[in-house]
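Here the structure comes first, spelled out in structure tokens, and everything after it is commentary.
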Ligand SMILES: Nc1ncnc2c1ncn2[C@@H]1O[C@H](COP(=O)(O)OP(=O)(O)OP(=O)(O)O)[C@@H](O)[C@H]1O
């Protein structure tokens, strides 16, 4: 199988002067209500946001403000109770679970706070596993795995297993794993939460690098005020709303 997004950005387009970026994700009046002990709990209260191609957007807010709930809705892991989410023109809010799963597998990558690596597999094998899961042809694995690990600066650690890597290095493997199948959108929940400020800065530099070279858009949650400056836009969340 060829990589589906290969033709997304042609050389010709890259040489053209900057044009208005296309909207990848449009969120309109999204609400999420959970029912807890028979009472409704309004966690998202009318969220509107937009993410364009090759943008880095951050969701910032206190614990419990609803960031993860929103990220889950954006990634199709959960569905809003009301409102609309358009991803690459597709109505995510009204698609079936199976439909969303297919889109997610092909066009999205996920990064979590706790790295989510297979402990017995090397960095190389972890990234390879992600290509296998995405149904990418085996003939493409070697070149793509090497490329992704180089992109995140781990060419010298390719055959280390997670326990032989630092927290920052493990998170870089997780990033390589999340971008291996060439997603359009990367969703990251507190990707720097477990890292010190130096390692967090390195992860943000990797994000900026992959936005440039892989034409991916990134939406991430954070508590950390020191990394906000690299975002194209920061949405500040308080009690289920943007302020
Ligand atoms: N499945 C669920 N059922 C009931 N309540 C939920 C559910 N998921 C989340 N909540 C509640 O929604 C609120 C927001 O949670 P969420 O995890 O989205 O916040 P957050 O901003 O990501 O917090 P943190 O930064 O601590 O991860 C919390 O009060 C949480 O208890």
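The values are calculated or read from the model by the stated rules, or taken from the named source; none is laboratory data. The structure displayed is predicted, hence computed values, not measured ones. Please note: Cβ atoms are built from the backbone with ideal geometry, for glycine as well, and neighbour counts cover all protein chains shown.
Please indicate, with yes or no, whether at least one residue in the stretch 223-240 is closer than 27 Å to residue 122 by Cα and either at pLDDT below 95 or crowded, with 16+ Cβ neighbours inside 10 Å (or both).
Taking the stretch 223-240 first, the residues closer than 27 Å to residue 122 by Cα are none.
Within the stretch 223-240, none of the residues are closer than 27 Å to residue 122 by Cα and either at pLDDT below 95 or crowded, with 16+ Cβ neighbours inside 10 Å (or both).
Could you count how many residues in the stretch 135-159 are in contact (Cβ under 8 Å) with a residue 24 or more places away in the chain and under 21 Å from residue 119 (Cβ atoms)? Full working, then the answer.
In the first step, residues of the stretch 135-159 are kept if they are in contact (Cβ under 8 Å) with a residue 24 or more places away in the chain; the result is 135-137, 140, 144-145, 148-149, 151-154, 157-159.
Now narrow it down to the ones that are under 21 Å from residue 119 (Cβ atoms): 145, 148-149, 152, 154, 157-159.
Residues in the stretch 135-159 being in contact (Cβ under 8 Å) with a residue 24 or more places away in the chain and under 21 Å from residue 119 (Cβ atoms): 8 in total.
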Positions within the stretch 143-165 being within 14 Å of residue 120 (Cα to Cα) and assigned to a helix (DSSP H, G or I), in sequence order: 162, 163, 164
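Would you say residue 65 is part of a loop (DSSP other than H, G, I, E, B), within 11 Å of the ligand (Cβ to nearest atom) and over 19 Å from residue 100 (Cβ atoms)? Step through it out loud before you land on a result.
Working: part of a loop (DSSP other than H, G, I, E, B): yes; within 11 Å of the ligand (Cβ to nearest atom): yes; over 19 Å from residue 100 (Cβ atoms): yes.
The answer is yes for residue 65.
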Filtered residue count, the stretch 124-136, keeping only those that are outside any helix (DSSP H, G or I) and either modelled with pLDDT of 95 or more or at positive phi (or both): 1
Condition check for residue 195: touching a helix residue (DSSP H, G or I) at 6+ places or on another chain (Cβ under 6 Å) and within 13 Å of the ligand (Cβ to nearest atom): no
Residue in the stretch 48-59 that is farthest from the ligand (Cβ to nearest atom), counting only those that are closer than 23 Å to residue 113 by Cβ and within 15 Å of the chain's Cα centre (by Cα): 55
Odd one out for residue 114, checked against (1) outside any helix (DSSP H, G or I); (2) within 16 Å of the ligand (Cβ to nearest atom); (3) closer than 20 Å to residue 175 by Cβ; (4) in contact with a strand residue (DSSP E or B) (Cβ under 9 Å, 6 or more places away or on another chain): (4)
Positions within the stretch 166-180 being modelled with pLDDT under 95 and outside any helix (DSSP H, G or I), in sequence order: 166
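Out of 51, 24, 44, report the one residue that is surrounded by 15 or more Cβ atoms within 10 Å (Cβ to Cβ) and over 17 Å from residue 242 (Cβ atoms). Full working, then the answer.
Values: 51 fails: over 17 Å from residue 242 (Cβ atoms); 44 fails: over 17 Å from residue 242 (Cβ atoms).
After ruling out the rest, the residue left standing is 24.
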Conditions (1) within 16 Å of the ligand (Cβ to nearest atom); (2) touching a strand residue (DSSP E or B) at 6+ places or on another chain (Cβ under 8 Å); (3) in a loop (DSSP other than H, G, I, E, B); number of the one not met by residue 73: (3)
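Does residue 30 satisfy the criteria of being more than 10 Å from the ligand (Cβ to nearest atom), under 16 Å from residue 241 (Cβ atoms), buried (at least 18 other Cβ atoms within 10 Å of the Cβ) and in contact (Cβ under 8 Å) with a residue 60 or more places away in the chain? Talk me through it step by step, then tell me what you get.
Details: more than 10 Å from the ligand (Cβ to nearest atom): yes; under 16 Å from residue 241 (Cβ atoms): yes; buried (at least 18 other Cβ atoms within 10 Å of the Cβ): yes; in contact (Cβ under 8 Å) with a residue 60 or more places away in the chain: yes.
Spelling it out, residue 30 is indeed more than 10 Å from the ligand (Cβ to nearest atom), under 16 Å from residue 241 (Cβ atoms), buried (at least 18 other Cβ atoms within 10 Å of the Cβ) and in contact (Cβ under 8 Å) with a residue 60 or more places away in the chain.
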Cross-chain or 6+ apart pairs with Cβ under 8 Å, the stretch 69-81 first and in contact (Cβ under 8 Å) with a residue 40 or more places away in the chain and within 14 Å of residue 110 (Cβ to Cβ), then away from the ligand (no atom under 12 Å from the Cβ) and part of a helix (DSSP H, G or I): 75/104
Residue 121 vs. criteria in a loop (DSSP other than H, G, I, E, B), buried (at least 20 other Cβ atoms within 10 Å of the Cβ), more than 12 Å from the ligand (Cβ to nearest atom) and at negative phi: no
